[in-house]
Amino acid sequence: MSALNGNAQVAVIGAGAMGAGIAQVAAQAGHPVCLYDNRPGAAALAVQGIDRQLGRLVEKGKLDATARQAISARLRPVEALEALADAQLVIEAIVENLQVKQALLQQLEALCSDSCILASNTSSLSITSLAAGLRRPERVIGMHFFNPAPLMALVEVVSGLATAPALAATLYDTATAWGKQPVHARSTPGFIVNRVARPFYAESLRLYQEGAADCASLDALMRDAGGFRMGAFELTDLIGHDVNYTVTCSVFDAFYGDFRFQPSLVQKELVDAGRLGRKSGQGFYDYSEGALRPQPAEVQSAARVECCVVEGSLGVMQPLLQRIQASGIQVTERPGKGLLRVGDATLALSDGRLASQRAREDGLRNLVLVDLALDYSKAERIAISTCPDTTREAREHAVALLRQAGLKVCLVADLPALVVLRTVTTLANEAADAVLQGVGSAADIDLAMRAGVNYPRGPLAWAEQIGIGYTLRVLDNLQRCYGETRYRPSLLLRRVHAQGGRLHD
Ligand code: NAI
């Protein structure tokens, strides 16, 4: 264990939302902590704020009063940078500006001992650039906390080109000792989370822009079928569209305009209009007093189903069968290509083709495509799409089957890979590319997405569950449908599929 000594002096610079949270985390872990901000009085105010937060924990019974006193006593606001001279670890959380952060690091290099670790909480700047020009760039590292730092478990330990590997190990162990869940990341645009999460927003925004469904339905599908805590519209309303759009633009620019990270015109329009989300009272949803929250659309059916036929294995959708059987519907199984027949309808898990395209290419009549669910045995809602020539009766039978099995059904437009399947495969694709490019290990990337943004399953583990071959097929079909490089499958997925291996080693 190479963690920083538990009594080592820590300094935090910048007493805003992040700096205050990080100072609290370090003090709770037992370190004496100096907090500095160049706004006079800001550090002292932040320390008072932390003490109040600790007071709330005491009220809730999560902390005892003596511990609160001890933690607060370890926090010292200072009014001059010189007071940080004896720190062994400095974490800066000042304004997100390369020149300002570089100038601060230069001052710190002149002030602190040669063994002092200089860490940055930057969420988007290159650690390599921050360290450039310093006498000892090997001691500069990213320590990227998530907001609010005392609550969010994830810390990305980000190494720049010159960062000493032993230093990354020390900060990893230190973050662990602080009760955090660290992951190693290489300094590349967006690090792990802010890069891999882009498709989560981008695909919902695109589906909305292309008229797949309304925001409330798409959000509900991401929650009730995908198992995500929130859908993209409610989440970006919460984050703030200005913030979320800026991150997307910065990742897009940093990758020289790679279409995979293309920002959304729909979101830009909200930013242009000042509809920034909850904080401005209006985003995709209206937060004004008395405003009604729109409800997700749900298709009903007048039909009643007694039996259905399953042809071959339904793959990841197989657990749906138990649900169907448990609802009293008689299921007959026979060999075939993974189709579910009910009345005149043929149901199939989407493979990334349009319903109309697949019906024609595979000679299927009355096709109803079904979306991915995190767990078909528990999902509350599912998306379907149909072809223009799917008859009303066939659709009614398909909807009745799913509803009798306990699922709310949302009919979306005929778009490739529906909603959850499209999101999960593109997230996995981005995660795979990040592994391929050495940004992080498969295990760390999956962990980062679970601990940093609460995904119900790591995107790579999810791709393995769907099947790497199936994931590739969906991406290939998406790419064919749109004719865009945005969906080009990562070489890693192709390689792992060709070699018959696994993404997690
Ligand atoms: P903030 O605006 O709440 O706080 C920044 C603080 O730094 C202010 O109190 C300001 O007075 C102080 N400051 C600015 N320049 C300074 C200087 N030269 N010397 C000393 N103090 C200075 O900002 P926030 O949100 O706390 O972000 C800080 C850093 O953390 C940024 O690099 C940001 O990208 C990063 N970050 C932010 C997250 C968030 O959700 N807000 C999440 C993860 C990282």
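The values are calculated or read from the model by the stated rules, or taken from the named source; none is laboratory data. Computed from a predicted model, the values in this text were never measured in an experiment. In this analysis, Cβ positions are derived from the backbone assuming ideal geometry, glycine residues included, and neighbour counts consider all displayed protein chains. Note: accessible area is taken over every heavy atom of the protein model, side chains too, but ligands, DNA and RNA are not part of it. Shrake-Rupley method; radii C 1.70, N 1.55, O 1.52, S 1.80 Å.
Couple of notes before you dig in:
- Exactly one residue out of Ala417, Ala345, Ala413, Ala355 is out of contact with any helix residue (DSSP H, G or I) (no Cβ under 8 Å at 6 or more places or on another chain) and crowded, with 24+ Cβ neighbours inside 10 Å, and it is Ala355.
- Leading residue by the ranking (farthest from Val193 (Cα to Cα)) among those in region 115-125 that are within 15 Å of the ligand (Cβ to nearest atom) and either of a type in the set (Val, Ile, Thr) or open to solvent by less than 40 Å² (accessible area, probe 1.4 Å) (or both): Leu118
- Among the candidates Val183, Val193, Val158, residue that is at pLDDT 95 or above, surrounded by fewer than 24 Cβ atoms within 10 Å (Cβ to Cβ) and within 16 Å of the ligand (Cβ to nearest atom): Val193
- Residue pairs meeting the criteria (Cβ under 6 Å; at least 6 apart or on separate chains; first part of a helix (DSSP H, G or I), in region 459-484; second open to solvent by 50 Å² or more (accessible area, probe 1.4 Å)): Ile468/His497; Gly469/His497; Leu472/His497; Gln479/Arg488
- Residue that is nearest to the ligand (Cβ to nearest atom) [pool: residues in region 201-246 that are acidic (Asp, Glu) and open to solvent by less than 10 Å² (accessible area, probe 1.4 Å)]: Asp237
- Residue list for region 358-379, restricted to those being closer than 18 Å to Gly467 by Cβ, open to solvent by less than 20 Å² (accessible area, probe 1.4 Å) and not charged (D, E, K, R): Leu369, Val370, Leu372, Ala373, Tyr376
- Residue list for region 37-68, restricted to those being open to solvent by less than 70 Å² (accessible area, probe 1.4 Å), in a helix (DSSP H, G or I) and within 16 Å of the ligand (Cβ to nearest atom): Ala42, Ala43, Ala44, Ala46, Val47, Gly49, Ile50
- Region 10-28 residues that are on the phi > 0 side of the Ramachandran plot, paired with ones that are buried (at least 24 other Cβ atoms within 10 Å of the Cβ) and charged (D, E, K, R) (beta carbon under 8 Å, 6 or more apart): Gly14/Glu92
- In region 137-144 there is no residue matching the filter, namely being within 13 Å of the ligand (Cβ to nearest atom), open to solvent by 30 Å² or more (accessible area, probe 1.4 Å) and within 16 Å of Ala93 (Cβ to Cβ).
- A count restricted to region 239-275 and to residues that are on the phi > 0 side of the Ramachandran plot and not aromatic (Phe, Trp, Tyr) stands at 3.
- Scanning region 95-122 for residues that are of a type in the set (D, E, K, R), at pLDDT 95 or above and within 15 Å of Asp37 (Cα to Cα) returns a single hit, Lys101.
- Restricting attention to region 1-36, the residues being near the ligand (Cβ under 9 Å from one of its atoms), open to solvent by less than 20 Å² (accessible area, probe 1.4 Å), farther than 15 Å from Ala85 by Cα and not in a helix (DSSP H, G or I) number 2.
So that you can scan it fast, the table gives a plain yes or no per residue for (1) acidic (Asp, Glu); (2) within 10 Å of the ligand (Cβ to nearest atom); (3) not in a strand (DSSP E or B):
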position	(1), (2), (3)
Ala70	no, no, yes
Pro77	no, no, no
Asp86	yes, no, yes
Val95	no, yes, yes
Lys101	no, yes, yes
Gln107	no, yes, yes
Ala110	no, no, yes
Ser113	no, no, yes
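- Scanning region 248-276 for residues that are open to solvent by less than 40 Å² (accessible area, probe 1.4 Å) and either touching a Cys at 6+ places or on another chain (Cβ under 7 Å) or within 14 Å of the ligand (Cβ to nearest atom) (or both) yields a total of 2.
- Candidate set from region 91-114 (those that are under 28 Å from the mean Cα position of the chain (by Cα) and hydrophobic (A, V, I, L, M, F, W, C)); member that is most open to solvent (accessible area, probe 1.4 Å): Val95
- Index of the failed condition, Thr170 passing every other in (1) surrounded by fewer than 21 Cβ atoms within 10 Å (Cβ to Cβ); (2) near the ligand (Cβ under 9 Å from one of its atoms): (2)
- Region 375-399: number of residues that are in contact with a Lys or Arg (Cβ under 6 Å, 6 or more places away or on another chain) and within 16 Å of Arg341 (Cα to Cα): 1
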